[in-house]
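Asks: Please find one structure pasted underneath; my questions will follow.
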Amino acid sequence: MWVWGAAEAASTAEIQAALDGCGALTTPLPTLSADQLGELASSKVLRLLFRAAEDEPSTAVGIAVLEGSMSALWIAAQDPHAVVDPSLHEFIVADLGPDHALWYGHMDLPRPLKDRQWVVESNNDHALATRTANRCWEHHWKLRADQLDVARAAVDAGKEPAVTGAMMDDAVLTPMNQGAWTLVALDPGHTLVAYQATTVVGGAIPDWLVAELARARLEEVLRSLEERARDWAPGHYVTGHAPLIGADGVPLPPLRP
């Protein structure tokens, strides 16, 4: 039986080889320097900002080698019962397939700023999982502003009591919201996890400030994920829980009977 934390973290060469083995990602990661790979091998969280192109907004990227199996960390990131960020209300408004959905999100902002809202379409990269024999998994999302009426219908039907129609009427739709979770298996006890988000909230809040704030909380996002995978997921994702789908499109077995 694997014991949490029993294996040593990967070396810089092993980390680079694992990333190279993923090949092209739907949501590409920035190229890492030797020093950055060394930080990952030392169990530090990389917090980066990069632009895919000069005319595009900055993307906040957090990367770390976390303790935990890929399955446990995937569950901790994907389970709809998990609280990833207490300041956000997020819920599924439409199931488009076993691992394909529309999500509505609402963020409370201090007055006089208006709250922000978004609808994103999320799915898993089955081709990547197949191509890498399940060594690399990716879940990504992109803004679907044209689906706000679907979210409104779900809210009006009482699907999420924490969000009301009045809250939606008073919120501003974000002009950009996209990102991804990328998980790369290193050994049974360690997984390289990358979280990246490109967000433009519009209005009086400058894009650079949003990116900096996102970068500042990346360590918390990844360490909280590691904690949930260790302490919460094994007791939550048990026999009787509705199946969660891995990036390969196959339901994940319970972590415990």
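Asks: Out of the residues in the range 127-176 meeting the condition of being among the basic types (Lys, Arg) and in a loop (DSSP other than H, G, I, E, B), tell me which one is farthest from Tyr104 (Cα to Cα). First the steps, then the outcome.
Replies: Within the range 127-176, the first condition is being among the basic types (Lys, Arg), and the residues that meet it are 131, 135, 142, 144, 152, 159.
Going one step further and asking which of them are in a loop (DSSP other than H, G, I, E, B), we end up with 135, 144, 159.
On the way: Arg135: 30, Arg144: 10, Lys159: 11 Å.
Restricting to residues being among the basic types (Lys, Arg) and in a loop (DSSP other than H, G, I, E, B), the top hit is Arg135.
Asks: For the range 61-84, give me each residue that is more than 20 Å from Leu29 (Cβ to Cβ) and either of a type in the set (Ser, Thr, Tyr) or in contact with a strand residue (DSSP E or B) (Cβ under 7 Å, 6 or more places away or on another chain) (or both).
Replies: Once the filter is applied, which keeps residues that are more than 20 Å from Leu29 (Cβ to Cβ) and either of a type in the set (Ser, Thr, Tyr) or in contact with a strand residue (DSSP E or B) (Cβ under 7 Å, 6 or more places away or on another chain) (or both), the range 61-84 yields Glu67, Ser69, Ser71, Pro80.
Asks: So which pairs qualify, if the first residue must be in the range 51-62 and among the hydroxyl-bearing types (Ser, Thr, Tyr), the second must be not in a loop (DSSP other than H, G, I, E, B), the Cβ gap must be under 6 Å, and the two must be at least 6 apart or on different chains?
Replies: Between residues of the range 51-62 that are among the hydroxyl-bearing types (Ser, Thr, Tyr) and residues that are not in a loop (DSSP other than H, G, I, E, B), the close pairs are Ser58/Leu49; Ser58/Ala211; Thr59/Phe50; Thr59/Gln196; Thr59/Thr198.
Asks: In the range 40-73, which residues are basic (Lys, Arg), surrounded by 14 or more Cβ atoms within 10 Å (Cβ to Cβ) and within 24 Å of Thr199 (Cα to Cα)?
Replies: At the first step, the residues of the range 40-73 found to be basic (Lys, Arg) are 44, 47, 51.
Checking which are surrounded by 14 or more Cβ atoms within 10 Å (Cβ to Cβ) leaves us with 44, 47.
Of everything in the range 40-73, just one residue is basic (Lys, Arg), surrounded by 14 or more Cβ atoms within 10 Å (Cβ to Cβ) and within 24 Å of Thr199 (Cα to Cα), namely Arg47.
Asks: Suppose we filter the range 133-178 for residues that are closer than 25 Å to Ile75 by Cα and not hydrophobic (A, V, I, L, M, F, W, C); how many remain?
Replies: Qualifying residue count for the region: 12.
Asks: While we're on this one: What's the total number of residues in the range 20-52 that are modelled with pLDDT of 90 or more, aliphatic (A, V, I, L, M) and either closer than 19 Å to Leu66 by Cβ or part of a loop (DSSP other than H, G, I, E, B) (or both)?
Replies: The number of residues fulfilling the criteria is 9.
Asks: Among the numbered conditions (1) buried (at least 18 other Cβ atoms within 10 Å of the Cβ); (2) modelled with pLDDT under 75, tell me where Tyr195 comes up short.
Replies: With respect to (1) buried (at least 18 other Cβ atoms within 10 Å of the Cβ); (2) modelled with pLDDT under 75, Tyr195 is out only on (2).
Asks: Moving on. Within the range 111-143, which residues are surrounded by 18 or more Cβ atoms within 10 Å (Cβ to Cβ), at pLDDT 95 or above and over 16 Å from the mean Cα position of the chain (by Cα)?
Replies: Selection gives Leu128, Ala129, Thr132.
Asks: Oh, and also: I'd like the residue in the range 147-199 that is more than 22 Å from Asp95 (Cα to Cα) and of a type in the set (Gly, Ala, Ser) and, out of all such residues, is farthest from the chain's Cα centre (by Cα).
Replies: The extreme case among them is Ala166.
Asks: Being surrounded by 15 or more Cβ atoms within 10 Å (Cβ to Cβ) and closer than 18 Å to Gln196 by Cα is the requirement here; does Val83 meet it?
Replies: On the way: surrounded by 15 or more Cβ atoms within 10 Å (Cβ to Cβ): no; closer than 18 Å to Gln196 by Cα: yes.
No: the conditions fail for Val83.
Asks: Being surrounded by fewer than 17 Cβ atoms within 10 Å (Cβ to Cβ) and farther than 18 Å from Leu96 by Cα narrows it down to one of Asp187, Asp149, so name that one.
Replies: Working: Asp149 fails: farther than 18 Å from Leu96 by Cα.
One residue alone meets the criteria, Asp187.
Asks: Separate question: Taking the condition touching a residue at least 60 places away in the same chain (Cβ under 8 Å), surrounded by 20 or more Cβ atoms within 10 Å (Cβ to Cβ), touching a Gly at 6+ places or on another chain (Cβ under 9 Å) and of a type in the set (A, V, I, L, M, F, W, C), does Ala76 pass? Outline the logic, then answer.
Replies: Details: touching a residue at least 60 places away in the same chain (Cβ under 8 Å): yes; surrounded by 20 or more Cβ atoms within 10 Å (Cβ to Cβ): yes; touching a Gly at 6+ places or on another chain (Cβ under 9 Å): yes; of a type in the set (A, V, I, L, M, F, W, C): yes.
So Ala76 fits the description; yes.
Asks: Follow-up question, since we're still on this one. Do we have Ala101 as over 16 Å from Tyr237 (Cβ atoms), modelled with pLDDT of 95 or more and either β-branched (Val, Ile, Thr) or surrounded by fewer than 20 Cβ atoms within 10 Å (Cβ to Cβ) (or both) here? Write out each step before concluding.
Replies: On the way: over 16 Å from Tyr237 (Cβ atoms): yes; modelled with pLDDT of 95 or more: yes; either β-branched (Val, Ile, Thr) or surrounded by fewer than 20 Cβ atoms within 10 Å (Cβ to Cβ) (or both): yes.
Criteria met by Ala101.
Asks: If you don't mind, another one. Among the residues of the range 215-249, count how many are part of a loop (DSSP other than H, G, I, E, B), closer than 19 Å to Pro188 by Cα and more than 14 Å from the chain's Cα centre (by Cα). Don't jump to the end; show me each part of the working.
Replies: Within the range 215-249, the first condition is being part of a loop (DSSP other than H, G, I, E, B), and the residues that meet it are 217, 237, 239-244, 246-249.
Then drop every residue that is not closer than 19 Å to Pro188 by Cα, which leaves 237, 246-248.
Now restrict to residues that are more than 14 Å from the chain's Cα centre (by Cα): 237, 248.
Counting residues in the range 215-249 that are part of a loop (DSSP other than H, G, I, E, B), closer than 19 Å to Pro188 by Cα and more than 14 Å from the chain's Cα centre (by Cα) gives 2.
Asks: I would also like to ask the following. Can you name the number of the only condition in (1) in contact with a helix residue (DSSP H, G or I) (Cβ under 9 Å, 6 or more places away or on another chain); (2) farther than 16 Å from Ile245 by Cα that Trp137 fails?
Replies: Just one mismatch for Trp137, condition (2).
The values are calculated or read from the model by the stated rules, or taken from the named source; none is laboratory data. No experiment lies behind these values; they were computed from the predicted model shown. Glycine also receives a Cβ, built like all others from the backbone with ideal geometry; neighbour counts cover every protein chain displayed.
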